[in-house]
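Throughout, read-outs are computed from the coordinates displayed, never taken from laboratory work. Note that the coordinates shown come from a computational prediction; the quantities given were computed from them, not determined experimentally.
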């Protein structure tokens, strides 16, 4: 694991579906959240608004981490896109449910399921 406790990799939008994947490995807290925030800002700057965040290797998300997702979702949806979470482990998913974020953010078991969800209507509330 890196010194800062997180590795964020961005897989740019494919020409096929226009979906970017952000893979987050490690701890997402106040000391590491900036890296995720910068990755998301970079995508938004490139007008990439269809984003899947792969959390399958994320072991912890603090309120600062959750705040990044909540803070960006309105802008992304206002631009016709969406941000979908994928692969949350049991502990991370439990916090997601306790915070009742399922009414705001779409969660999927895998990145492939999240990609496919862009082609279907989910009926989730937007901010």
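Kindly identify the stretch 6-117 as rounded, prolate or oblate by the Cα gyration tensor criterion: order the square roots of the eigenvalues as a ≥ b ≥ c, call it rounded if a/c is under 1.5, otherwise compare a/b with b/c, prolate if a/b is larger, else oblate. Walk me through the numbers before you get to the answer.
Numbers: a/c = 1.42, a/b = 1.30, b/c = 1.09.
Rounded shape, in that the Cα axes give a/c under 1.5.
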Helix-only [θ]222 nm of the chain, DSSP H runs n ≥ 4, -39500 (n - 2.57) each, per residue, nearest 500: -11000 deg cm²/dmol
